[in-house]
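What follows is a set of notes on a single structure, which appears directly below.
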Amino acid sequence: MVEGIHHDQSVEVDLTIGIKQQNTKELEDFVMQVSQPDHQNYGKYLSFQEVKDMVSPEQESIEAVQNWLESEGVTNHYLTNSGDFIKASVSTGVAEKILDVKYHRFIHKQSKMSFIRSMDPYTVPDEVSKHIDFIGGVNHLPQMPESLPPKAKKSIEGLRFPFDYDFEGMANNRTDPFLSPHLIQRAMNVPSEVMGNCHEDNSQAIAQFLKEYFSSDDLEYFQKKFKLPRSHISRMVGFNEEDSPGIETALDIQYIMAMAPQAPTWIVSVSGLHEGQEPFLEWLVNISSMPNLPLVHSISYGDDENSIDRSYTERVDIEFKKYAAMGRTIVFSSGDSGVGCSETCDHYVPGWPASSSYVLSVGGVIMKRTADNHMIGHQISGGGFSNYFSRPAYQDNDVQYYLDNYVSDYQTRFFNSNGRGYPDISSFSRSVIIAHKGNLIPIGGTSASAPIIAGMLTLINNQRLYNSQPPIGFFNPLLYKIVREHPDAVYDIVDGENSFHCCDGFTSSPGWDPVTGWGVPNMRNLLKYTTQ
């Protein structure tokens with residue numbers, strides 16, 4: 001980002017005020033009950049209204065914030081359907097006055113997208129501050145996707161056509177094959193019989209940010225080329241511009257639908273149409289207000305944990321717990337910066353929201369061109385330990401085993417060994433083929449592995465629903481328990497590492513590790529253990 005000149009004070013910004021909620025400890029306890037497979041309340045989820053009734057702010061808190069805004073002349077505001085956020089649109093001149101900050105226009109060097117933000121900490125009166133968790137739309141600059149390497153922009157159509165569905169034998173000088181949906185399904189041992197009909201209560205969704213748009217033509221082309229079942233998105237929430245398709249959205253939608261082709265699929269779009277928006281927060285607030293959310297959500301978004309205010313991440317965690325209480329599964333890519341590394345090379349930099357204890361964090365692996373399609377941890381695979389969130393009980397013994405056996409005393413000075421370890425699981429993150437603007441191109445990153453895993457979870461939900469079982473919801477406690485008891489539920493990845501710049505990073509190992517988590521699902525076995 002580069003900072004430009006001071007902007008026109010009439011430019012509007014969107015402020016999102018998170019009002020303090022009630023009974024958040026009770027919510028946390030409830031989530032662990034319905035998510036622990038051995039608990040008597042396992043799978044007994046709440047409705048949207050029941051969660052809302054549990055945690056809604058006191059009326060006094062809502063009125064205190066509303067009265068403050070009105071007293072400052074802010075009339076364009078409303079309480080969201082979830083009852084715990086107030087949205088306000090104000091000019092930057094007004095925002096500067098009521099928050100005691102100065103806004104500037106920041107322009108991203110590569111994309112040229114601009115954002116209006118302040119680098120000053122905001123202040124509000126004490127009688128208001130005690131009622132709020134944070135105000136969004138003031139300080140945080142969105143994390144921009146990295147530009148693609150030049151070779152990723154080239155079509156592979158000319159290499160061999162017509163080609164088989166796996167691209168095996170193409171570009172023989174490559175050490176890793178191009179990956180199609182069929183090759184990925186085979187590598188993950190997905191039973192063909194689970195790819196059929198979809199239960200009427202099943203559903204899945206992706207998020208699209210920052211002018212990343214969906215193309216139905218590209219989806220149709222992708223499905224035709226790979227002889228996948230023809231299906232369409234069932235709902236577009238928010239703005240879309242078909243003529244400007246994004247690579248990120250193409251990757252997410254094509255692979256979540258390739259893995260679970262019959263499931264109703266939503267796109268929740270927060271495109272950042274004006275420079276005063278904060279896209280991830282917009283997405284969060286939008287889905288928090290939807291009573292009938294899809295069961296599985298795949299989100300390819302991340303930022304350095306230390307660049308986010310801690311109070312903000314803690315409030316977002318409460319939102320994740322609310323989704324868990326309703327039986328929803330939130331899947332995040334673990335990031336493409338490996339272990340993360342400070343500029344001074346003296347500590348690791350974990351990624352967020354992948355470091356949250358209440359999401360399924362997905363790392364990346366590479367398939368090598370060998371007789372057994374050997375898989376190794378991808379060096380870019382985001383993984384490590386949170387500085388904000390302590391290690392949850394569901395992974396305590398597994399993470400401690402890794403620390404005791406595979407981390408030197410010297411290395412522990414670079415990270416918080418008591419923090420939440422991530423990722424939880426992995427899939428393929430290099431040479432994944434997508435359709436974009438009528439061409440087939442290879443793409444990489446954990447933005448590929450997250451929707452693959454999300455689609456696999458939709459398949460698990462499908463079988464559970466047909467068995468009259470509840471959806472998996474917050475999957476982590478069940479996943480860790482299953483793999484501990486049945487190691488054949490995954491392909492354990494024991495080779496690879498995630499060094500980044502001047503930081504050595506972690507190594508893959510038997511069992512859980514902070515490069516690939518538990519490894520890659522063996523779907524035939526995982527389906528058996530999650531539906532028995």
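The values are calculated or read from the model by the stated rules, or taken from the named source; none is laboratory data. Everything numeric here is computed off the predicted structure, so don't read it as measured data. Note that each Cβ is placed from the backbone with ideal geometry, even for glycine, and that neighbours are counted across all protein chains shown.
Within this structure, His374 fails the test of being assigned by TED's automatic domain parsing to the domain that holds Asp304, over 30 Å from Pro471 (Cα atoms) and surrounded by 24 or more Cβ atoms within 10 Å (Cβ to Cβ). Of all the criteria given as (1) among the aromatic types (Phe, Trp, Tyr); (2) surrounded by fewer than 19 Cβ atoms within 10 Å (Cβ to Cβ); (3) at pLDDT 95 or above, the one not satisfied by Phe85 is (2).
Here Ala64 meets each of (1) buried (at least 16 other Cβ atoms within 10 Å of the Cβ); (2) at pLDDT below 95 with one exception, condition (2). The set of residues in the range 224-250 that are buried (at least 18 other Cβ atoms within 10 Å of the Cβ) and under 22 Å from Ser269 (Cα atoms) comprises Ser231, Asn240, Pro245, Gly246, Ile247, Glu248, Thr249, Ala250. For residues that are of a type in the set (A, V, I, L, M, F, W, C) and more than 22 Å from Gly73 (Cα to Cα), scanning just the range 88-124, find the one that is modelled with the lowest pLDDT. My answer is Met113.
Among the residues of the range 467-489, what is the count of those that are touching a helix residue (DSSP H, G or I) at 6+ places or on another chain (Cβ under 9 Å) and assigned to a helix (DSSP H, G or I)? Spell out how you get there, then give the answer.
Taking the range 467-489 and keeping what is touching a helix residue (DSSP H, G or I) at 6+ places or on another chain (Cβ under 9 Å), we get 467, 469-486, 488-489.
Okay, now just the ones that are also assigned to a helix (DSSP H, G or I), so 476-485, 488-489.
Going through the range 467-489 one residue at a time, the tally reaches 12.
Might you let me know whether the range 22-30 holds any residue that is outside any helix (DSSP H, G or I), touching a residue at least 40 places away in the same chain (Cβ under 8 Å) and surrounded by 16 or more Cβ atoms within 10 Å (Cβ to Cβ)? Looking through the range 22-30, none of the residues is outside any helix (DSSP H, G or I), touching a residue at least 40 places away in the same chain (Cβ under 8 Å) and surrounded by 16 or more Cβ atoms within 10 Å (Cβ to Cβ).
When the residues of the range 315-353 are filtered to those that are of a type in the set (A, V, I, L, M) and assigned to a helix (DSSP H, G or I), which remaining residue is farthest from the chain's Cα centre (by Cα)? Across the range 315-353, the extreme among qualifying residues is Ala325. State yes or no: is Ser381 in contact with a Gly (Cβ under 6 Å, 6 or more places away or on another chain), under 14 Å from Gly519 (Cβ atoms) and in contact (Cβ under 8 Å) with a residue 12 or more places away in the chain? Answer is yes for this residue. Look at the range 485-513: where a residue is touching a residue at least 40 places away in the same chain (Cβ under 8 Å) and under 15 Å from Ser342 (Cα atoms) and a partner is hydroxyl-bearing (Ser, Thr, Tyr) and assigned to a loop (DSSP other than H, G, I, E, B), sitting 6+ places away or on another chain with Cβ atoms under 7 Å, you get Asn498/Ser381; Phe500/Ser337; Cys503/Tyr348; Gly505/Ser499.
Within the range 305-321, residues that are under 22 Å from Ile287 (Cα atoms) have Cβ atoms under 7 Å from residues that are in a helix (DSSP H, G or I) and modelled with pLDDT under 95 in these pairs: Val316/Leu284; Glu319/Leu284; Glu319/Ser288, counting only partners at least 6 apart in sequence or on another chain.
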